[in-house]
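Participant: The structure's right below; bear with me while I get my questions together.
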Amino acid sequence: RLSMRLERVATYVPHGARLADIGSDHGYLPVALLNRGVIASAVAGEVALTPFCAAERTVRENDLEDQISVRLADGLAAIEVQDAITAISLCGMGGETIRDILEAGKARLSGQERLILQPNGGEQPLRLWLMEHDYRIVSEEVLRENRFDYEIIVAEHTGPVEYTAEELYFGPLQMQARSPAFLLKWQRLSGKKQKTLSNFERAQKAVSEEKLQEVAQQVRWINALL
Ligand code: SAM
């Protein structure tokens, strides 16, 4: 059984995909998708030995060694051209980490892969990377599990795309859809941001003017959104 978070991620993996799940940990996502007959094959990449061994074990226990290659590798280095990967999932990591993995491994991206990203924070820098590399955000959602708000961002390489600073902050599609989970997330963050701003204003010398203006801008955006 997958967590609700990974269950939602799974819905964005196209039928028949050849999936690379990077930072796979126990390999639960590719194993579930193969057992359900959703995907054709998968690579499970892990940079750390303990989760790599855990993924190997899950794959072995499910008799999926022929369909899932578990590889000990840093980021997209787990992907080989022969894999003909059509979807890449990067889940349960900070948005900056996901961005860094994409940046370091961009030579391995053919542009044909759908990116299914589930950052834990750092969504703005991740969306900025996507925009700067001609990836359009095709789906987005916020979901809450275990008292935590998770975001899912699905992107495809489509050619140049422009998002405003505000869209990069909230997510262009989420700003339009205004789902209950999305609005709740920002309602919850609103007070925290306001507090951060007050603290910054009080401790002015310790915080750069630039940082202070950035947070002030975010508070204005959040107030306008809600
Ligand atoms: N993707 C799973 C999920 O969403 O439930 C596991 C998330 S777990 C919190 C993050 C995993 O990413 C860890 O197992 C960690 O070792 C792995 N990881 C972090 N940086 C990585 C990198 N550069 N390349 C491959 N795996 C990485």
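Participant: Is there any pair with a first residue in region 80-92 that is under 17 Å from L126 (Cβ atoms) and a second that is within 15 Å of the ligand (Cβ to nearest atom) and assigned to a helix (DSSP H, G or I) whose Cβ atoms are under 6 Å apart and which are 6 or more apart or on different chains, and what are they?
Facilitator: So the pair list comes out as L90/I98; C91/V9.
Participant: Scanning region 1-27 for residues that are within 15 Å of V142 (Cβ to Cβ) and near the ligand (Cβ under 10 Å from one of its atoms), which turns out surrounded by the fewest Cβ atoms within 10 Å (Cβ to Cβ)?
Facilitator: Filtering region 1-27 for residues that are within 15 Å of V142 (Cβ to Cβ) and near the ligand (Cβ under 10 Å from one of its atoms), the one surrounded by the fewest Cβ atoms within 10 Å (Cβ to Cβ) comes out as R5.
Participant: Give me the pairs: first residue in region 160-183 and surrounded by 17 or more Cβ atoms within 10 Å (Cβ to Cβ), second residue part of a loop (DSSP other than H, G, I, E, B) and not acidic (D, E), beta-carbon distance under 6 Å, and six or more apart or on different chains, which are they?
Facilitator: P172/Y163
Participant: Pull up region 43-57, narrow it to residues that are within 9 Å of the ligand (Cβ to nearest atom) and either part of a loop (DSSP other than H, G, I, E, B) or touching a helix residue (DSSP H, G or I) at 6+ places or on another chain (Cβ under 9 Å) (or both), then point me to the one that is farthest from R99 (Cα to Cα).
Facilitator: Looking at the filtered set, the residue picked out is A55.
Participant: Within region 34-55, restricting attention to residues that are small (G, A, S) and in contact (Cβ under 8 Å) with a residue 24 or more places away in the chain, which residue is farthest from I79 (Cα to Cα)? Write out each step before concluding.
Facilitator: Taking region 34-55 and keeping what is small (G, A, S), we get 37, 40-42, 44-45, 48, 54-55.
If we keep only those that are in contact (Cβ under 8 Å) with a residue 24 or more places away in the chain too, we end up with 40-42, 44-45, 54-55.
Details: A40: 16, S41: 13, A42: 10, A44: 9, G45: 8, A54: 19, A55: 16 Å.
If we take residues in region 34-55 being small (G, A, S) and in contact (Cβ under 8 Å) with a residue 24 or more places away in the chain, then A54 is farthest from I79 (Cα to Cα).
Participant: Let me ask another. Mind counting the residues in region 81-103 that are in a helix (DSSP H, G or I) and either within 12 Å of the ligand (Cβ to nearest atom) or closer than 14 Å to E151 by Cα (or both)? Outline the logic, then answer.
Facilitator: Of region 81-103, the ones in a helix (DSSP H, G or I) are 81-83, 95-103.
Cutting the leftovers down to either within 12 Å of the ligand (Cβ to nearest atom) or closer than 14 Å to E151 by Cα (or both) gives us 95-103.
Here the count works out to 9.
Participant: When region 28-37 is examined, which residues are found to be within 11 Å of the ligand (Cβ to nearest atom) and either assigned to a loop (DSSP other than H, G, I, E, B) or crowded, with 22+ Cβ neighbours inside 10 Å (or both)?
Facilitator: Answer for region 28-37, where residues must be within 11 Å of the ligand (Cβ to nearest atom) and either assigned to a loop (DSSP other than H, G, I, E, B) or crowded, with 22+ Cβ neighbours inside 10 Å (or both): L29, P30.
Participant: If you don't mind, there's one more thing I want to ask. Within region 176-188, restricting attention to residues that are farther than 14 Å from R147 by Cβ and in a helix (DSSP H, G or I), which residue is farthest from the chain's Cα centre (by Cα)? If you could, list the steps in order and put the result at the bottom.
Facilitator: Pass one, region 176-188, residues farther than 14 Å from R147 by Cβ: 176-180, 182-183, 186-187.
Imposing the further condition that a residue be in a helix (DSSP H, G or I) reduces the set to 176-177, 180, 182-183, 186-187.
Values: Q176: 20, A177: 19, P180: 20, F182: 16, L183: 19, W186: 18, Q187: 22 Å.
Restricting to residues being farther than 14 Å from R147 by Cβ and in a helix (DSSP H, G or I), the top hit is Q187.
Participant: Moving to a separate point now. Looking at (1) within 9 Å of the ligand (Cβ to nearest atom); (2) part of a strand (DSSP E or B); (3) more than 17 Å from L117 (Cβ to Cβ), which is the one condition that is false for A40?
Facilitator: Just one mismatch for A40, condition (1).
Participant: Also: Scan region 104-151 for residues that are assigned to a helix (DSSP H, G or I) and within 13 Å of the ligand (Cβ to nearest atom) and jot them down.
Facilitator: Step one: filter region 104-151 for residues assigned to a helix (DSSP H, G or I), giving 104, 106-108, 123-132.
Listed by number, the residues that qualify are A104, R108.
Participant: A further question follows. Can you work out which of the residues in region 132-150 that are closer than 25 Å to P160 by Cβ and of a type in the set (A, V, I, L, M) is surrounded by the fewest Cβ atoms within 10 Å (Cβ to Cβ)?
Facilitator: Kept after step one, since they are closer than 25 Å to P160 by Cβ, are these residues of region 132-150: 132-141.
Still in the running and of a type in the set (A, V, I, L, M): 137-138.
Working: I137: 23, V138: 14.
Looking at residues that are closer than 25 Å to P160 by Cβ and of a type in the set (A, V, I, L, M), I get V138.
No lab work stands behind these numbers, since they all come straight from the coordinates. Computed from a predicted structure; not experimentally measured. Note that each Cβ is placed from the backbone with ideal geometry, even for glycine, and that neighbours are counted across all protein chains shown.
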